[in-house]
């Protein structure tokens with residue numbers, strides 16, 4: 001059938017915030033180009049949002065308005081539902097389930113919903129033969145989902161890691177630039193719109209963990225398991241840590257890492273998923289990613305190291321990813337959302353992070369009194385931690401507090417954890433320890 005005689009792909013759009021309005025704007029601005037690339041027109045027929053009267057800066061007069069999103073998904077003149085409502089449960093999940101059950105394709109930017117319910121949604125899509133796509137859920141406009149699912153499809157992926165949250169990356173790179181502490185930099189990021197009024201999901205690492213769980217499922221053909229992601233945020237990082245990292249030849253970035261280790265004979269490999277601040281060598285590509293930018297590295301056995309980098313949020317990049325998914329569906333692409341058919345996804349048990357070896361940065365905030373360094377030395381010795389370097393810096397402006405920064409030799413993570421446990425409850429510590437792995441280049 002020629003492009004001119006192909007029926008349009010009829011779209012119902014739920015959620016008209018910045019991304020939803022961006023989708024409408026993009027479809028109108030690039031209509032001719034999109035039609036040529038999709039082989040048919042992409043046509044919004046119905047929309048739904050909470051506030052019907054709000055001015056969104058786009059013309060909605062040509063679309064049917066539905067107050068009930070689920071009812072909109074059931075319209076006979078709708079082929080595809082775009083969900084841009086947000087939230088892991090509630091209305092967004094009800095809409096997604098209803099659309100797929102009705103055989104309507106689903107495109108979503110909802111990372112939380114996919115991280116928590118991606119497996120059951122993929123099962124529903126497989127049952128009805130509908131497409132399920134979520135490029136916009138991970139890293140905004142960066143085509144990392146497509147890159148992993150298609151570009152590395154001939155490879156065994158050894159490791160996926162990267163900077164998955166622009167807010168945290170902005171804060172950390174701004175702390176490098178200004179020398180300011182975390183709280184001051186966060187307030188600045190909120191004033192500039194780079195951080196939400198309630199930034200908890202970002203600075204605690206939860207947003208990055210959602211994205212990592214999705215990427216790990218695609219890269220390793222695993223059943224998505226958000227609960228198994230070990231997650232730490234950046235709020236404990238001080239300007240002094242940034243300065244010490246710099247002196248040692250590193251920068252600090254919040255890094256999500258997923259990799260596997262071989263299981264026992266006849267057992268599936270185990271999957272390790274971690275989001276935590278890391279020291280990144282200055283010569284590593286991720287060390288040069290600054291501001292509200294995302295970057296993902298995938299390592300395949302034949303393709304080597306691939307780097308995906310770009311804007312991780314914003315109405316334009318995210319809308320671009322949504323429309324790219326719509327174009328794929330218009331072309332007839334209903335490929336498995338997690339790289340292999342849902343019934344072939346494997347349940348990977350969580351790996352023990354204590355078994356992983358590497359070098360570690362350990363910062364201790366201690367009272368300035370005799371015997372403290374001896375106590376630290378005893379704890380690290382008893383835990384089997386070998387110290388490569390130690391830096392001690394007094395903070396007389398804070399009542400004689402001393403920062404002790406240790407860098408360990410290569411060794412098991414369990415030994416560092418044991419050393420921290422031995423120091424737990426010590427009167428010498430005036431703040432919880434900060435442990436950051438050093439990223440292997």
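Miscellaneous remarks
- Some residue of segment 123-130 being buried (at least 24 other Cβ atoms within 10 Å of the Cβ) and farther than 17 Å from residue 298 by Cβ: yes
- Among the conditions (1) surrounded by fewer than 19 Cβ atoms within 10 Å (Cβ to Cβ); (2) closer than 26 Å to residue 273 by Cβ, the only one that residue 333 does not satisfy is (2).
- Scan of segment 45-74 for residues that are closer than 20 Å to residue 103 by Cβ and within 29 Å of the chain's Cα centre (by Cα), ordered by number: 48, 69, 70, 73
Here's the yes/no breakdown for (1) part of a helix (DSSP H, G or I); (2) at pLDDT below 95; (3) more than 21 Å from residue 299 (Cα to Cα):
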site: 97; (1), (2), (3): yes, no, yes
site: 119; (1), (2), (3): yes, no, yes
site: 141; (1), (2), (3): no, yes, no
site: 149; (1), (2), (3): yes, yes, no
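- Flag for residue 359 being over 30 Å from residue 25 (Cα atoms), outside the structural domain of residue 275 (by TED's automatic domain parsing) and crowded, with 16+ Cβ neighbours inside 10 Å: yes
- Residue list for segment 40-62, restricted to those being assigned to a loop (DSSP other than H, G, I, E, B) and at pLDDT 95 or above: 40, 41
- Summed over segment 247-280, the residues that are over 23 Å from residue 185 (Cβ atoms) and surrounded by fewer than 20 Cβ atoms within 10 Å (Cβ to Cβ) give a count of 10.
- Number of the condition not met by residue 290 [criteria: (1) modelled with pLDDT under 95; (2) surrounded by fewer than 18 Cβ atoms within 10 Å (Cβ to Cβ); (3) out of contact with any helix residue (DSSP H, G or I) (no Cβ under 7 Å at 6 or more places or on another chain)]: (3)
- Total residues in segment 416-428 satisfying the condition of being surrounded by fewer than 19 Cβ atoms within 10 Å (Cβ to Cβ) and not in a loop (DSSP other than H, G, I, E, B): the figure is 4.
- Check on residue 24, under 14 Å from residue 322 (Cα atoms), free of Cβ contacts under 8 Å to residues at least 40 places away in the same chain and part of a strand (DSSP E or B): no
The values are calculated or read from the model by the stated rules, or taken from the named source; none is laboratory data. Computed from a predicted model, the values in this text were never measured in an experiment. Cβ atoms come from the backbone with ideal geometry, glycine included; neighbour counts cover every protein chain shown.
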